[in-house]
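S.K.: Handing you a structure now.
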Amino acid sequence: MKKAGEMSSERSGHLNHRLTISVDDQFIRALKAYMKARRYAGVSEAIRDLAWGAFMEVEIAVSEDEKCMAALAYAYDFKTRNLASRLGGLYAESELVVSVSKSQSSARKFVEVAILKGQRKDVEQFAKKILAERGVTDGQLSLFRI
């Protein structure tokens, strides 16, 4: 039985909850600017995405054993000895890798993005291996619930 403030979604079958919050004018201006920049049609969607982004930063949204997808982005110096082959070897040995794309950003650097899928703990462990390689810099892992 639903409690006050709960609504069932026809599309997802998940229970949605209605929240009421009080915010000041500065918050509203910032939210409207964010919504315009990101082309959000509704306030609820914008606030949900902002909240999920914050949850992901503190790893609340995806439990350690839950499956997720992830984007691992980093830069690397391709002239670092055997780095390209070491990275290729790590990708070839892993069942987590869905796809990899790279683009040359300067005379010595590439930016690479790997799409990963698996249990969060395995995805994070794999990302740490990649980011720990000598010559890899500016790495970031973004997790997504599935």
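S.K.: Collect the residues in the stretch 119-143 that are touching a helix residue (DSSP H, G or I) at 6+ places or on another chain (Cβ under 8 Å), closer than 16 Å to Val97 by Cβ and of a type outside the set (A, V, I, L, M), keeping them in residue-number order.
M.R.: Matches in the stretch 119-143: Phe126, Lys129, Glu133, Gly139, Ser142.
S.K.: Check Lys102 against each of (1) over 28 Å from Ala51 (Cα atoms); (2) not in a strand (DSSP E or B) and name the one condition it does not meet.
M.R.: Among (1) over 28 Å from Ala51 (Cα atoms); (2) not in a strand (DSSP E or B), Lys102 violates only (2).
S.K.: Here's a follow-up. Only one of (1) out of contact with any Leu (no Cβ under 7 Å at 6 or more places or on another chain); (2) part of a loop (DSSP other than H, G, I, E, B); (3) at pLDDT below 90 fails for Glu95. Which number is that?
M.R.: (3)
To keep it simple, each residue is scored yes or no on (1) in the same structural domain as Leu141 (by TED's automatic domain parsing); (2) crowded, with 16+ Cβ neighbours inside 10 Å; (3) in contact with a His (Cβ under 8 Å, 6 or more places away or on another chain); (4) not basic (Lys, Arg).
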| residue | (1), (2), (3), (4) |
| --- | --- |
| Lys79 | yes, no, no, no |
| Asn82 | yes, no, no, yes |
| Ser85 | yes, no, no, yes |
| Val97 | yes, yes, no, yes |
| Arg108 | yes, no, no, no |
| Gly118 | yes, yes, no, yes |
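S.K.: A follow-up question, please. Here is a list of conditions, (1) surrounded by fewer than 11 Cβ atoms within 10 Å (Cβ to Cβ); (2) modelled with pLDDT of 90 or more, and Arg18 meets all of them except one; can you say which number that is?
M.R.: Going through the list (1) surrounded by fewer than 11 Cβ atoms within 10 Å (Cβ to Cβ); (2) modelled with pLDDT of 90 or more, Arg18 breaks only (2).
S.K.: Please determine, by comparing only the residues of the stretch 74-91 that are among the aromatic types (Phe, Trp, Tyr) and modelled with pLDDT of 90 or more, which one is nearest to Lys128 (Cα to Cα).
M.R.: By that ranking, first place goes to Tyr74.
S.K.: Within the stretch 44-68, which residues are at pLDDT below 75, surrounded by 14 or more Cβ atoms within 10 Å (Cβ to Cβ) and not in a helix (DSSP H, G or I)?
M.R.: Listed by number, the residues that qualify are Ala61, Val62.
Results for (1) under 23 Å from Ala54 (Cβ atoms); (2) hydroxyl-bearing (Ser, Thr, Tyr); (3) not in a helix (DSSP H, G or I), shown as yes or no for each residue.
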residue	(1), (2), (3)
Thr80	no, yes, yes
Glu112	no, no, yes
Gln125	no, no, no
Arg134	no, no, yes
Leu141	yes, no, yes
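The values are calculated or read from the model by the stated rules, or taken from the named source; none is laboratory data. Given the structure is predicted, the values throughout are model-derived calculations rather than measurements. As a convention, Cβ positions derive from the backbone with ideal geometry for all residues, glycine included, and neighbour counts pool all protein chains shown.
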